Amino acid sequence: MELSDGDCSLIVNLARRAITEYLENGGQIDPPSDVPSFLNEKCGVFVTLHKVSGGSSSLRGCIGFPEPVKPLLEAVIDAAICAAVRDPRFEPLTRKELEDIEIEVSVLTPPEVIEAKPQDLASKIKIGRDGLIAERGWNRGLLLPQVPVEEKWDVEEFLMYTCLKAGLGPDAWWDPKTKFFSFQAIVFGEDGPKGPMRRHAL
């Protein structure tokens, strides 16, 4: 999917409006109807919230849909609200706290299984391009493509932390029973709380 700067701005603003409406009135906004049809195609998406304070930022919530199960704008609304109040790692966001929140959106390509033996996995993954999903049995964990860039991980560290995110051991990527999927993302968001939209070059 190709997204113009205008499309990205619309999506980020929609995420902020969705959170604001939910925190103020407990309601959920409807997706806008007067938009290009491709913005209502089913698409995976994640909304990430960062709390900005004293020149630094920290994660404040991140929830989304890895698979294309909902129309994009509907998925953005749902993910934004969930990131604000339903991420189990954090207390629900307050209306006052929202003033210090910077919103980031990742629009995902459909995940594709990585067909490789464990010893060849690392050669199939590129930092700054790929996000990863690790899966074994009921365990599943996802890391967005910007995460290893921000954390300065190499590919093996990326595999290890994806396994940990799935609730598996750090060396579970050497087990042939562990499946890996890769995906790419268009990443963009606010440049500061309520700031103008900017694209994130990975």
ask   = Restricting attention to the alpha-carbon atoms of the chain, what are Rg (one decimal) and Dmax (integer), both in Å?
value = 17.0, 52
key: Within the chain, helix-based [θ] at 222 nm, where runs of 4 or more DSSP H residues each add -39,500 (n - 2.57), nearest 500   = -8000 deg cm²/dmol
key: Linear extension gain, LYS42 paired with ASN13, 0.36 nm per residue minus alpha-carbon span   = 8.5 nm
message = Give me a comma-separated list of calculated 3J(HN,Hα) values for the range 15-20, in order, Karplus coefficients 6.51, -1.76, 1.60 applied at θ = phi - 60°, integers in Hz, x for any Gly or Pro.
response = 4, 5, 4, 5, 5, 4
query = What's the exposure ranking of TRP174, TRP153, TRP138, going from fewest to most Cβ atoms within 10 Å?
reply = TRP138, TRP174, TRP153
query = Cα-Cα over 30 Å: which of LYS70/LYS152; LYS152/LYS194; LYS70/LYS117?
reply = LYS70/LYS152; LYS70/LYS117
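Every read-out reported here was derived from the displayed coordinates using simple, explicitly stated rules and does not represent laboratory data. Since we're looking at a predicted model, the values are computed, not measured. Using ideal geometry, Cβ is built from the backbone for each residue, glycine included, and neighbour counts are taken over all protein chains shown.
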